[in-house]
Structure formats: C-alpha cells, structure tokens
Amino acid sequence: MKILFINGSPNENGNTANLASILLNGKKYETLNLTNFTIGSYGQTLPYDGLDRVIEKMKEADTIVIGSPLYWHNICGSVRNVLDRFYGKVDESELLGRKLYFVFQGAAPEKWMLDAGEYTMKRFAELYGMKYMGMATNSKEAEDLNKTV
C-alpha cells in the first residue's frame, strides 16, 4: 500500500505534519509539501506549475492524506488551489477507489469551521471516486483513525 501525505502548511514540520504523523504512525508514507510547488489559482497559467506532479503522485497512491491548517476560518490557500484546479483537469475515474483522510487543525477552531472543511473534503472525495475515511482535528481523532489506515 502506498500512502501520500499532502501538507498544505507553510511549516513543513508544524502542527499539521505532526497530526498527520500521529494518523500515520507505524506506516510508511511519502510527504509532498505544497509550499515546494508553484500551484496557481484556477484559471492561471504559471511557468513551472507543479499541479501535474501532485496529481501524478495522488494517482500512484492507494491512500491520500490531505493536511491543512485552518486559516481565516477555512482550508488554507495552497490546498484550496489544488482542489479548485482539479475541476476539468482530472477525470472522476482517475482516483477511483483511493482512501482519502483529512487532517485539519487550528488554534481555536469553531465547530462550523471544521464542519465546512470536512464538507469540502467529503465532496471532493465523492466527486473523484475516492472513499472519504474521516477527519482528524486533534491527536485523539488521529489515533482513532490510524486503526483504519
């Protein structure tokens, strides 16, 4: 089984990566730090755009963990750009059957913020044929989800 962690945090070893390491404890996985890629907004054409590389890695994985810090009450911009850019670029069948986990954390998130982020990830998984496995917002939830990875 190949596991891919996509880290949306600008801090490669911060709270988002730490929560993912709890979720993936005991498992071998590859990490892509989105801050190392140039990924523009939907509609932009940028030189050296890295989205195709991210998509290629997602297609190679059986299990995908997307991690985002909670910024401005929502998913961070780097993750949002990846999700937005999928539209029209990736066929629904290309990620069919993969498991998708979501790591979403912030200093003091309110329930509605977490619910909005999870709704987005559930819809993303559904649109691209992935099985949404759950969201971890703290170490306890990450430990519990670890049993399903």
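The values are calculated or read from the model by the stated rules, or taken from the named source; none is laboratory data. Given the structure is predicted, the values throughout are model-derived calculations rather than measurements. Every residue, glycine as well, gets a Cβ built from its backbone with ideal geometry; the counts of neighbours run over all protein chains shown.
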For region 42-79, which positions are of a type in the set (Ser, Thr, Tyr) and either under 28 Å from ASP115 (Cβ atoms) or touching a helix residue (DSSP H, G or I) at 6+ places or on another chain (Cβ under 8 Å) (or both)? TYR42, THR63, SER68, TYR71, SER78
Whichever residue in region 29-54 is assigned to a loop (DSSP other than H, G, I, E, B) and of a type in the set (A, V, I, L, M, F, W, C) and, among such residues, is surrounded by the most Cβ atoms within 10 Å (Cβ to Cβ): ILE39
Just one of LEU70, LEU96 is among the aliphatic types (A, V, I, L, M) and surrounded by fewer than 18 Cβ atoms within 10 Å (Cβ to Cβ); which is it? LEU96
Of those in region 18-59 that are more than 20 Å from VAL103 (Cβ to Cβ) and β-branched (Val, Ile, Thr), the residue farthest from the chain's Cα centre (by Cα) is THR45
Determine whether GLY26 is surrounded by fewer than 15 Cβ atoms within 10 Å (Cβ to Cβ), at pLDDT 95 or above and on the phi > 0 side of the Ramachandran plot. yes
Note: among TYR101, TYR87, just one is surrounded by 12 or more Cβ atoms within 10 Å (Cβ to Cβ), under 21 Å from CYS76 (Cα atoms) and out of contact with any Cys (no Cβ under 8 Å at 6 or more places or on another chain), namely TYR101
Quickly run through region 1-23 and pick out the residues that are of a type in the set (S, T, N, Q), in a helix (DSSP H, G or I) and surrounded by fewer than 20 Cβ atoms within 10 Å (Cβ to Cβ). ASN15, ASN18, SER21
Are there any pairs, at least 6 apart or on different chains, whose C-beta atoms fall under 6 Å, with the first in region 62-84 and under 15 Å from SER41 (Cβ atoms) and in contact (Cβ under 8 Å) with a residue 40 or more places away in the chain and the second assigned to a helix (DSSP H, G or I) and among the hydrophobic types (A, V, I, L, M, F, W, C), and if so, which? SER78/LEU34; LEU83/PHE124
